[in-house]
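These notes are about the structure you will find just below.
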2 protein chains.
Amino acid sequence: MNWKARLLKLSGLMPEMDDAGSLAWGTLADAAEDAELVFLGLDEGKACFAAVPPEGDSSPRMANPQLWSLMATLRADDLALYGGARSIVDWHARHRFCAACGGATKIAKGGWQRTCTSCSTEHFPRTDPVTIMLVEHEGRLLLGRGLGWPERAYSALAGFVEPGESIEEAVAREVLEESGIVAKEVGYIASQPWPFPSQLMMGCYAIAENDEITLDTTELADARWFTRDEVAASMNGDADAPMNTPPKQAIAHHLLNWWLEKHA
Amino acid sequence: MNWKARLLKLSGLMPEMDDAGSLAWGTLADAAEDAELVFLGLDEGKACFAAVPPEGDSSPRMANPQLWSLMATLRADDLALYGGARSIVDWHARHRFCAACGGATKIAKGGWQRTCTSCSTEHFPRTDPVTIMLVEHEGRLLLGRGLGWPERAYSALAGFVEPGESIEEAVAREVLEESGIVAKEVGYIASQPWPFPSQLMMGCYAIAENDEITLDTTELADARWFTRDEVAASMNGDADAPMNTPPKQAIAHHLLNWWLEKHA
């Protein structure tokens, strides 16, 4: 029997770093005696765990500037491990009770389930499918600026898949709702987990039937068509670029590169 | 102001049918006085609603033989409407309490949200992303028989996307876990909502690196490689076909047709 184990060091939902700029690890003795432990998997022969934050911890769940900075410095494997761990310990912290009966739930199956102590209903971690899409009209790309975003920040439109929709239907509905643009010929490009708190981002591409934008001002501050040259200059960080594009950790960055290469 | 409205007739979670074999509709007066009503959308100038089943209703949530028969007879638009309605009223019925604090929740925003009456946390309908995949090795296709399925029933392997995974990573992990097969070159084919209770099925394709199957007997009763001729004969319902393939309402049926055409 091998008892080697290590505990991911978290401060609330933020990771702690070691001197080398990697994720910091402690031992199981570092966890509170009554802490719920989630099994993250085996790494280098050691069982890796993360502790669910104590009740009452109300750390922010969305990505924030501090987290964006961290994401820019973490190695890809550390970022994937931290993202998965954060998403699941946050899910536990926000699901201490049973949605079916209101009873207390407890951690089960190494942290990949919670079970109601009253009615025995089983609850599983949630992942929300989100579409994010490049919409093109005669060589120009539709990008939007969200409410509260910095003045020059533009990215691909995005939205949650609603019950009863396919990915393709969700793309067309979201684009129509947010911009008044009719999207057709929807295709899939790539996907990425986004654990803030628990999205599955599905990158798509579509052709616009029209180009007159009718903005939904409850969703977007602005939406505009950009030429390939404008997108390329912005991705390149040129001084005269018309906008700031998403950072490289975001799937939107990958999608914009895909589009530039498609039209290279 | 237009007060025209109609209520989808449900018996538990099963639809009621009119004499023409379409979904049956009543008026809002048919709903219990304290029933929670979900707004489904406008149809022919009438607001369409469905009522959340009363507390204590424990109708089965999964697809059952009666439902499969119904799905074979309903028109596509009726099936889509019923599927969406069923998925969301079922979600309401199973989320009467707040997972964050255990307090009672109440319906909000026309049925597309529940809000905790105690801590004000907002809850949204859940959609679980599921991968379902065709895995090919040198012209043969990997199909499996689930535990408890009829002896001759085979379909594409499938599984939920776990927190922290992309679609492509989920496909590779699921295939490896269930069959011991290493899948590479994962691509996306098509998606379909599956409202029993609330899945988003994402159909994918992959190439197998090996063909020796190591069955996970906790997940599958069997898994086998089938030639194109065997799949074609089975989809055609030939007397000497080696298996029964999924019915046309299932995305697996569409995927198998896609594969037959790919190798036509």
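The values are calculated or read from the model by the stated rules, or taken from the named source; none is laboratory data. Since the structure is predicted, the reported quantities are computational estimates derived from the model, not experimental observations. Neighbour counts run over all protein chains shown; Cβ positions are idealised from the backbone, glycine included. Protein only, heavy atoms only, side chains kept; ligands, DNA and RNA dropped before computing areas. Shrake-Rupley method; radii C 1.70, N 1.55, O 1.52, S 1.80 Å.
Worth pointing out:
- Residue match in region A:74-93 (condition: under 28 Å from residue A:117 (Cα atoms), among the acidic types (Asp, Glu) and either within 16 Å of the chain's Cα centre (by Cα) or modelled with pLDDT of 90 or more (or both)): yes
- Extreme residue, most open to solvent (accessible area, probe 1.4 Å), among residues of region A:83-118 that are among the charged types (D, E, K, R) and either closer than 22 Å to residue B:91 by Cβ or part of a strand (DSSP E or B) (or both): A:106
- Each residue in region A:197-243 was checked for being buried (at least 18 other Cβ atoms within 10 Å of the Cβ), in a strand (DSSP E or B) and not aliphatic (A, V, I, L, M), and 6 pass.
- Flag if residue B:14 is within 30 Å of residue A:116 (Cβ to Cβ) and either touching a residue at least 60 places away in the same chain (Cβ under 8 Å) or surrounded by fewer than 19 Cβ atoms within 10 Å (Cβ to Cβ) (or both): yes
- Scanning region B:228-242 for residues that are touching a strand residue (DSSP E or B) at 6+ places or on another chain (Cβ under 8 Å) and closer than 29 Å to residue B:80 by Cβ gives B:231, B:234.
- Within region B:204-260, the set of residues being among the acidic types (Asp, Glu) and over 16 Å from residue B:179 (Cβ atoms) comprises B:229, B:230, B:238, B:240.
- Within region A:39-73, considering residues that are touching a helix residue (DSSP H, G or I) at 6+ places or on another chain (Cβ under 7 Å) and at pLDDT below 85, the one farthest from residue B:169 (Cα to Cα): A:57
- The single condition among (1) touching a residue at least 40 places away in the same chain (Cβ under 8 Å); (2) at the interface with chain B (Cβ under 10 Å from one of its Cβ atoms) that residue A:100 does not meet is (1).
- Filtering region B:244-262 to residues that are over 24 Å from residue B:159 (Cα atoms) and surrounded by 13 or more Cβ atoms within 10 Å (Cβ to Cβ) leaves nothing.
- Residue within region B:24-33 that is under 22 Å from the mean Cα position of the chain (by Cα), on the phi < 0 side of the Ramachandran plot and crowded, with 16+ Cβ neighbours inside 10 Å present: no
- Beta carbons closer than 6 Å, at least 6 apart along the sequence or on distinct chains, pair a first residue in region A:227-249 that is closer than 23 Å to residue A:71 by Cα with a second that is in a loop (DSSP other than H, G, I, E, B) and of a type outside the set (Lys, Arg) for A:234/A:241; A:234/A:243; A:234/A:245; A:235/A:245; A:243/A:154.
- Within region B:156-165, the residues that satisfy the criterion of being open to solvent by 30 Å² or more (accessible area, probe 1.4 Å) and either without any contact (Cβ under 8 Å) to a residue 12 or more places away in the chain or closer than 19 Å to residue B:207 by Cα (or both) are B:158, B:162, B:164.
- Considering residues of region A:166-196 that are free of Cβ contacts under 8 Å to residues at least 40 places away in the same chain and in a strand (DSSP E or B) only, the residue nearest to the other protein chains (Cβ to nearest Cβ): A:188
- Some residue of region B:139-155 being within 11 Å of chain A (Cβ to nearest Cβ) and either in contact (Cβ under 8 Å) with a residue 24 or more places away in the chain or open to solvent by 40 Å² or more (accessible area, probe 1.4 Å) (or both): no
- Conditions (1) farther than 20 Å from residue B:197 by Cβ; (2) in contact with a helix residue (DSSP H, G or I) (Cβ under 7 Å, 6 or more places away or on another chain); number of the one not met by residue A:161: (1)
- Only a single item in (1) without any contact (Cβ under 8 Å) to a residue 40 or more places away in the chain; (2) in a loop (DSSP other than H, G, I, E, B) is not met by residue B:77, and it is number (2).
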